[in-house]
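Asker: Okay, handing you the structure first.
Just so it is clear, none of the values below were taken in a lab; they were calculated from the coordinates. From a predicted model like this one, the values you see are computed outputs, not experimental measurements. Methodologically, a virtual Cβ is constructed for each residue, glycine included, from the backbone with ideal geometry; neighbour enumeration extends over all protein chains shown.
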Amino acid sequence: MARISGVDLPKKKRIEYGLTYVYGIGLHASRKILDATGIDYNKRVYELSEDDVAAITKEIRANHVVEGDLRKKVAMDIKALMDLGSYRGLRHRRGLPCRGQKTKTNARTRKGKRKTVGAA
């Protein structure tokens, strides 16, 4: 089983899609990593040799911010917005959508379960 950046990749998937299970690596970044290491996109994860895994790991460490470091950076960026008191920071603090969506009828995912007001 290939373990890259602390994530177990699914064995039967093509490596091009398997790498996307790592937080911070999408399909485009996955393809760039594979091009840089010279590994075929169609290879399955279980077909990778130890050298291939080491090459991928080395490429990710050198040129990409992933997993824990990226999560920490995102959290610090959001905290900075909240500390500044910017509009986006206030929306984060209140648990509301930050990107201009309407909230009268939607936004249940962000706002949580309905709280009925004034029902008597």
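Asker: Take the Cα radius of gyration of the stretch 68-111 and divide it by 2.2 N^0.38 Å, with N its residue count; two decimals is plenty.
Answerer: 1.26
Asker: Across the chain, how many lysine pairs separated by 8 or more positions, or lying on different chains, have Cα atoms within less than 13 Å?
Answerer: Working: K11/K43; K12/K43; K13/K43; K102/K111.
So the count works out to 4.
Asker: Given points 7 Å out from each Cα along the Cα-Cβ axis, report the R110 to D8 separation in nanometres with one decimal.
Answerer: In this crude spin-label approximation the distance works out to 3.6 nm.
Asker: Considering the zone a paramagnetic label at Y46 would reach in this model (a point 7 Å from Cα along the Cα-to-Cβ line), which residues of the stretch 1-25 have amide N under 14 Å from it?
Answerer: Those under the cut-off are 1-2, 9-15.
Asker: Can you put K12, K43 in order, fewest other beta carbons within 10 Å first? Let's see the in-between values first.
Answerer: Values: K12 8, K43 16.
Result, fewest neighbours first: K12, K43.
Asker: Sort E67, E47 so the one with the fewest other Cβ atoms within 10 Å of its own Cβ comes first.
Answerer: Taking fewest neighbouring Cβ atoms as first place, the list is E47, E67.
Asker: Please compute the net charge surrounding D69, taking Lys and Arg as +1 and Asp and Glu as -1 over other residues with Cβ under 13 Å from its Cβ.
Answerer: +2
Asker: Assign one of three labels to the chain, namely rounded, prolate or oblate, based on the Cα gyration tensor with a ≥ b ≥ c the square roots of its eigenvalues; rounded applies when a/c is under 1.5, prolate when it is not and a/b is larger than b/c, and oblate otherwise.
Answerer: prolate
Asker: Most exposed first by the Cβ proxy, i.e. fewest other Cβ within 10 Å, how do S49, S5 rank?
Answerer: S49, S5
Asker: Further question: Once you charge only the Cβ atoms, +1 for Lys and Arg and -1 for Asp and Glu, what is the size of the charge dipole of the chain about its Cα centre, to the nearest 20 debye?
Answerer: 1460 debye
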